[in-house]
Structures are given as C-alpha cells and as structure tokens.
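The values are calculated or read from the model by the stated rules, or taken from the named source; none is laboratory data. Note that the structure is a prediction, hence the values are computed from the model and not measured. Methodologically, a virtual Cβ is constructed for each residue, glycine included, from the backbone with ideal geometry; neighbour enumeration extends over all protein chains shown.
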Amino acid sequence: MIAGKIGAGTTTAPTVRTGDERLIKLTSAAGTKVSTLLTRQGRPQGVLRVAVVGGGCSGLQYKMDLQDAPQNRDILVESAGVRVVVDPKSALYVTGSELDYVDALQEGGFKVKNPNAATSCSCGESFSA
C-alpha cells in the first residue's frame with residue numbers, strides 16, 4: 001500500500017464569481033488612490049478587499065485590505081480600473097455602496113456611502129444595518 005495525500009501535487013484555482021458595480025463602485029479618486037497604493041506595495045495586479053466585520057460603536061465596521069489575488073468564493077468587481085473583491089457575507093451589507101477617497105487633513109481618507117446603513121456613528125467609522 002502506498003501512503004500519501006489525496007490530491008497531492010494538484011492545485012486548484014479559487015472559485016471566484018464576477019459581479020458588477022451594482023455591488024460596489026469606486027469613484028475615480030478612490031480608484032486612483034488604490035492603484036497608487038497597490039503599485040507602491042509592488043502588487044500592480046492586486047485587489048482591494050472590502051469586508052464588513054463586527055465592531056465599532058454602531059455594531060459593524062468596514063475593513064479594507066490590499067491583497068495579491070481573490071480568494072475562494074469571493075465576488076470580483078472591476079471599478080475605476082481597480083479589481084475589488086467582497087466575500088459573500090459582506091456582500092449582503094455593501095450592495096449598492098460607493099467607495100470614495102477624500103484627500104484632506106481633517107476627515108480625509110476612504111469614505112463608504114452605503115444605502116443599506118440604517119444608522120452610522122458620528123465618527124463615520126461604523127454602521128448598523
């Protein structure tokens with residue numbers, strides 16, 4: 001009997017669904033900023049991951065991360081020249097959202113306009129749905 005791992009030596013590509021800007025849309029300012037950050041990190045073909053996690057003063061908050069590639073079960077959206085990935089659970093909360101970037105000393109940075117947010121906190125960092 002030969003011992004070994006089943007499927008050893010085989011690699012499978014992640015299963016990724018393609019979405020469109022009805023899921024999430026980036027403004028041109030956000031697209032430019034994300035492209036600059038990806039290039040600066042040496043991942044010009046990378047993706048922006050947008051997720052919703054528990055936390056913040058309103059119960060939910062956004063988490064954004066730059067990654068090399070989509071992961072299994074992600075939904076991939078091309079917007080403003082950037083590849084954006086959202087996991088299926090987060091997609092329930094961000095559908096219809098717009099991601100903008102404001103270049104300002106005060107209250108600058110990435111801003112999410114989310115039509116699903118029932119309430120948001122005064123700091124703008126968290127929301128409830």
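In the condition set (1) assigned to a loop (DSSP other than H, G, I, E, B); (2) under 21 Å from S128 (Cβ atoms), D20 is compliant with all but (2).
One residue stands out in region 88-121 among those that are touching a Leu at 6+ places or on another chain (Cβ under 9 Å) and in a loop (DSSP other than H, G, I, E, B): the one that is surrounded by the fewest Cβ atoms within 10 Å (Cβ to Cβ), namely G96. Taking (1) of a type in the set (S, T, N, Q); (2) farther than 26 Å from S128 by Cα; (3) out of contact with any Asp or Glu (no Cβ under 9 Å at 6 or more places or on another chain) in turn, T95 satisfies each apart from (2). So is G31 modelled with pLDDT of 90 or more and surrounded by 13 or more Cβ atoms within 10 Å (Cβ to Cβ) or not? Yes. Taking each residue of region 96-107 that is modelled with pLDDT of 90 or more and looking for partners that are among the hydroxyl-bearing types (S, T, Y) and part of a loop (DSSP other than H, G, I, E, B) with beta-carbon atoms closer than 9 Å, six or more apart or interchain, yields E98/T27; L99/T27; D100/T27; Y101/T27.
Can you tell me which residue within region 44-60, out of those that are crowded, with 17+ Cβ neighbours inside 10 Å and assigned to a strand (DSSP E or B), is modelled with the lowest pLDDT? Taking the candidates together, the pick is L60. Scanning region 61-87 for residues that are surrounded by 14 or more Cβ atoms within 10 Å (Cβ to Cβ), part of a loop (DSSP other than H, G, I, E, B) and touching a Ser or Thr at 6+ places or on another chain (Cβ under 6 Å) yields one hit, A80.
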